[in-house]
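Below is one structure, written out as structure tokens; comments come after it.
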């Protein structure tokens with residue numbers, strides 16, 4: 001039922017925001033809102049491996065999400081006029097949801113201008129020179145089957161390009177219908193949103209100002225930014241190492257603490 005209300009919000013039938021979804025207020029053991037879903041956050045090296053397995057324009061699309069933290073609906077909704085190349089920014093004016101274009105973004109903060117690194121803009125500029133849909137009002141990632149009239153399908157891009165690239169890169173593997181991550185953990189979902197979680201985690205690992213990370217992710221609340229930033233296994237181990245080094249006494253120090261035994265005097 002919650003999914004139905006989420007769909008209604010995406011279609012503009014009811015106001016956006018969790019406060020307008022009545023299902024979030026339902027309590028009781030039979031209506032637990034706790035799920036077993038935990039998003040995967042990739043190490044920067046693993047993200048690089050996946051990108052290395054993609055070609056134009058899937059590479060540019062993945063790079064856009066991985067560096068700017070865009071939602072895939074926002075990235076697919078971009079037209080060339082939304083790329084402010086001279087200012088190094090992107091303008092989120094519409095999204096592509098449920099095979100339809102919607103004006104605006106998910107939240108008010110999401111409509112803010114997005115900073116875009118120069119290397120990313122260079123790659124996008126190169127793609128614009130290659131595509132036949134390069135006018136200002138053309139979609140940056142159009143469906144050629146539909147004559148460029150609408151963007152490509154995000155779910156189809158994941159199944160046909162992104163997941164196969166991650167498998168070839170050795171970042172995820174599939175066995176008996178189950179997907180496993182880099183550390184052997186079960187991965188319930190893998191898609192473009194993985195890059196969004198990975199970006200937030202990477203920035204926090206690099207000790208960036210949390211307020212800056214929140215602004216990049218365009219979260220209205222810091223709680224959501226902290227939810228997106230995962231505690232990696234390597235980070236947890238490094239933190240524990242700092243503590244254990246202060247708790248475990250070096251062997252040399254232990255020997256110095258052992259009292260010397262004085263031999264008994266022979267009567």
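The values are calculated or read from the model by the stated rules, or taken from the named source; none is laboratory data. Everything numeric in this text was worked out from a predicted model, so none of it was measured. Here the Cβ is made from the backbone with ideal geometry for all residues, glycine too, and neighbour counts use every protein chain on show.
Some points to look at:
- The residues in the stretch 164-192 that are more than 18 Å from residue 71 (Cβ to Cβ) and part of a helix (DSSP H, G or I) can be counted, and the count is 5.
- Any hit, the stretch 155-170, residues being farther than 26 Å from residue 114 by Cα, without any contact (Cβ under 8 Å) to a residue 60 or more places away in the chain and touching a helix residue (DSSP H, G or I) at 6+ places or on another chain (Cβ under 8 Å): no
- Criterion (in a loop (DSSP other than H, G, I, E, B), touching a helix residue (DSSP H, G or I) at 6+ places or on another chain (Cβ under 7 Å) and either surrounded by fewer than 21 Cβ atoms within 10 Å (Cβ to Cβ) or modelled with pLDDT of 95 or more (or both)) met by exactly one of 54, 63, 70: 54
- Qualifying residue in the stretch 28-48 (condition: at pLDDT 90 or above, in contact with a helix residue (DSSP H, G or I) (Cβ under 7 Å, 6 or more places away or on another chain) and surrounded by fewer than 22 Cβ atoms within 10 Å (Cβ to Cβ)): yes
- Where residue 136 falls short, out of the listed (1) modelled with pLDDT of 95 or more; (2) surrounded by 12 or more Cβ atoms within 10 Å (Cβ to Cβ); (3) touching a helix residue (DSSP H, G or I) at 6+ places or on another chain (Cβ under 6 Å): (2)
- Residue check, residue 110 at pLDDT below 95, under 14 Å from residue 61 (Cβ atoms) and out of contact with any strand residue (DSSP E or B) (no Cβ under 7 Å at 6 or more places or on another chain): no
- Failed criterion for residue 152 (all others in (1) loosely packed, with under 13 Cβ neighbours inside 10 Å; (2) at pLDDT 95 or above; (3) touching a strand residue (DSSP E or B) at 6+ places or on another chain (Cβ under 8 Å) hold): (1)
- Among the residues of the stretch 127-143, those that are in contact (Cβ under 8 Å) with a residue 12 or more places away in the chain and more than 21 Å from the chain's Cα centre (by Cα) comprise 127, 128, 130, 131, 132, 133, 134, 135, 136, 137, 138, 139.
- Taken over the stretch 220-240, the criterion of being at pLDDT 75 or above and either outside any helix (DSSP H, G or I) or more than 20 Å from residue 202 (Cα to Cα) (or both) is satisfied by 220, 221.
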